[in-house]
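Since the structure comes first, as structure tokens, the remarks are kept for the end.
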Amino acid sequence: MSLKKTLASLTMMIIASCAFAQSGVIKGKITNVQTNEPIPFATVVVQGSSKGVTSDLDGKYEITGLQPGLYNIDVSFIGFEKKTVFEIEVTNARAALVDVALLEVSVEIEAAEVVVSSFTNREEAPVSVRKIGVNEVKRNPGGNRDISRALRALPGVASTPSFRNDIIIRGGAPNENRFYIDGIEIPNINHFATQGASGGPVGLINVDFIDDVEFYSGAFPAARGNALSSVLEFGFKEGRTDKFTANAVVGSSDLGITLEGPTGENSSIIMSARRSYLQFLFQALGLPFLPTYNDFQFKWSYQPDDNNRFTVLGLGAIDQFELNTELGTDPEDENFLENRAILDFLPVNTQWNYSIGTKWEHFGDKGLWTFVASRNMLNNRAFKHEENNESLPLITDFLSQEIENKFRVERKLYLDNGWKAQYGVNYEYAKFNNSSEFQRYSFEADTLIPISFYSEFDMHKFGAFGQVSKSMLQNRLVLSLGVRTDWNEYSESMANPIDQLSPRFSASYFITPRLSANFNTGIYYQLPAYTVLGYQENGQLVNRQNDIVYIRNKQLVGGLRYDFDSRNTVISVEGFYKDYDNYPFSVDQGISLANLGADFGVIGNEEVISTSQGRAYGLEFLYQQRLYKGFYGIVSYTYVRSEFTDASGTFVPSSWDARNLVSLTGGKKFKKNWELGARFIYTGGLPFTPVDVETSVFIPTWNTQRVGLPNYALLNTQRIDAFYQLDFRIDKKWFYEKWSLNVFFDVQNALGSVSPVPPTLDVVRDQNGNPVEDPNNPGSYQPRILDTSSGTVIPSIGVIVEL
């Protein structure tokens, strides 16, 4: 081949390569959030560039010629609030579909000089609400693509020094949180859920479904009830309407596949399945327990016209927690005694759950109607045989089911002169059953008591709410007033809606166009867990007879916020105070249930009374920069105190009294699609209650409980050491014509920091692992203390393929 032809061929290859490298597309539709009608001639601009287009008569737009990577777009139109959509991932293989709904404003507001923030700042919640994008969750160092771990970057969120995902917000217990997907409530977002709380070790929601997350740590809208510490609103993305695509992920603990595409002219679906391989990893590492989890989820959307939109979604999980009993049979194993200690008290746990719901949105000239119907169910089984031998009798056997059927109607109105209103009603029919057989140590009677009962009940729950907001003084002052009430027919003490009247008020004033002072106060109620309501003795629902009532929480929040809108940055400072009363208090243990929940098992399966009081207060700082010139980051600090009353009525530190919380998360995107991110977290030492060694090692007690019993006379009088951890992650992406590849290297606990835990009580064992009686204390085993703190560096490699 001649030199001329060779150069010509190379030139064509270079041209083709350049064209291929800039074949990315962002397209979608711009609509009016109030009416869902298209907005023609809206401006859509790629942030930081001169690329931009206007929407056509149908509100559709398309930006072409983009190199693969992440982009922010600014969308604006006269008479509407400007909106920024962050971190849109563009590839060569598929167009990025981004629909944007803009909010119409009055002429008075339009003329004002107030900066419209790119960050969430709702009228009803001008404080205590943050927004997280899907890429912030996906790339979170040490987060394993888990939303619960990504939340730890935000102020007010404590992380426990363990492998669990307990969500602890502003000193509240893990059971004080509520979760919604596209407005449909789901009971839990974690595998291996702790019944009566909300935690678990692994996230249930597939991050590839998430569009964004709104996180309320206070100032809850009136439409959201039964929460005391947080509300998480997940927005699931719509399935693609142009073609079917696939996404496969091999992560550090599971593998999964996601499919999405059109199911008709005006409908689409997105669905996924995941399965863990933790059981193989744990077995290879010689750990005494073998967890396996599976989950499935889908979302189907149908929009026959601009006035109606239908959504059906569902998610479910099947979790199994088995014992690796082989480890307790080889006395030559160096970890034999420690493994026997763990195997002696861990039960076998099997759990499955599902949630399914449908939503109909009907748009009109002034707003929309929303109708939501859903059902969720949890089946939780835990059991243990003597010597972990299934041929021997059961010493613990627990089986419980929770079933909820829900219906909600909401009406949202956008009125003239800056007025907005929302009102609605909700109804739930719940069923609960519990079969329990075990022996419990009674602190009150100082002896072992056999527990054996079957209970079941059903109940009707009702709610009503309304909220109105008004912008004044050319939008410098925004006021919002809301009220809701909840009641049920479980007992007369919870049947009067006036007793649970829940008012809330918010105000936001712009001191300058970028600086605002914000305030919220409210009274919130939460129903005790079904395990509390369903506990039975002598054929009677004991806690119904004890007149158990809703937990009440009065909150006050205020702060300042400054928006650097041109740099995608916000800075805020907030102070908060939470006052609890009517919290369930354990009659036998003599503690508030607010101190429980960060462990596996069941919370509330005992007699309680509604007498506990508590308080939590503190100060939060946040600096958040979303993607700007390749940089992103979050800096947060929280000082928090959390206290609940003990048996004498004295306030003592709760189990969540971490005092100081620090989180530093940031990253940089480099050329050739390299990205580096890091996260540092610090949590002050959490309080714990020391064990009662003498009572615990008494032979009849140890043979049934096989674990140290807390000495609640010394409730939370000791603290574990403070905990810190550094994680980092490196990503490299390749974009091809019909597919893309992302390989990441993630290191959790890169410094090998020791994760502190309270000392663990065990007993001295012989060479076969059997407990040894104490020669100096006949009738009791000889105690020994185990230090189970560890500081393991956990590296992992993940692969993501998009087709």
Qualifying chymotrypsin sites (Phe, Trp or Tyr not before Pro) in segment 357-421, DSSP loop, other Cβ atoms within 10 Å at most 10: none
Pairwise label distance in nanometres, R784 with T325, each label 7 Å out on the Cα-Cβ vector: 2.3 nm
Helix axis angle, 3-21 relative to the chain longest principal axis, alpha carbon, degrees: 60 degrees
Between segment 237-274 and segment 145-199, the Cα center-to-center distance that results, in Å: 25 Å
Relative contact order (%) - the chain, alpha-carbon pairs under 8 angstrom, separation at least six: 11 percent
Within segment 193-289, GluC sites (Glu not before Pro) in DSSP loop having at most 10 other beta-carbon neighbours inside 10 Å: E265
Length gained when the stretch N308-N335 is fully extended (0.36 nm per residue, less Cα-Cα span): 3.5 nm
Modelled FRET efficiency - R0 41 Å, E694 with S796, Cβ distances, 0.05 increments: 0.40
Whole-Hz couplings from phi, Karplus 6.51/-1.76/1.60, listed for segment 78-90; x for Gly and Pro: 4, x, 10, 5, 5, 9, 10, 9, 8, 6, 7, 8, 10
Overall Cα dimensions of the chain - principal axes, largest extent first, Å: 94, 77, 46
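Which of rounded, prolate or oblate describes segment 149-280 when judged by the alpha-carbon gyration tensor and an a/c cut-off of 1.5?
oblate
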Under 13 Å from K738, Cα to Cα: aspartates and glutamates that are on another chain or at least 8 residues apart: E802
Mean Cβ neighbour count within 10 Å, used as a protection proxy, ranking 52-58, 530-536 highest first: 530-536, 52-58
Qualifying lysines (Cα of each under 19 Å from Cα of K406; at least 8 residues distant if same chain): K299, K359, K431, K461
Using alpha-carbon coordinates, inclination of helix 336-345 to the longest axis of the chain, degrees: 90 degrees
The chain - percent of accessible surface contributed by carbon and sulfur, probe 1.4 Å: 57 percent
Å² per residue, accessible surface of the chain at 1.4 Å: 41 Å²
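What value, in deg cm²/dmol to 500, does the helix sum -39500 (n - 2.57) over DSSP H runs of n ≥ 4 give at 222 nm once divided by the residues of the chain?
Per the formula, -2000 deg cm²/dmol.
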Nonlocal amide H pairs with N308, under 5 Å, H built at 1.01 Å: F363
Candidates per trypsin sites (Lys or Arg not before Pro) in segment 233-332, loop by DSSP, up to 16 other Cβ within 10 Å: K243
Label point distance in nm, R375-F745, each placed 7 Å from Cα along Cα→Cβ: 5.0 nm
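The values are calculated or read from the model by the stated rules, or taken from the named source; none is laboratory data. All of these numbers come straight from a predicted model, not from anything done at the bench. Every residue, glycine as well, gets a Cβ built from its backbone with ideal geometry; the counts of neighbours run over all protein chains shown. Ligands, DNA and RNA are stripped out before the accessible areas are found, and what is left, the full protein with its side chains, is counted by its heavy atoms. Shrake-Rupley method; radii C 1.70, N 1.55, O 1.52, S 1.80 Å.
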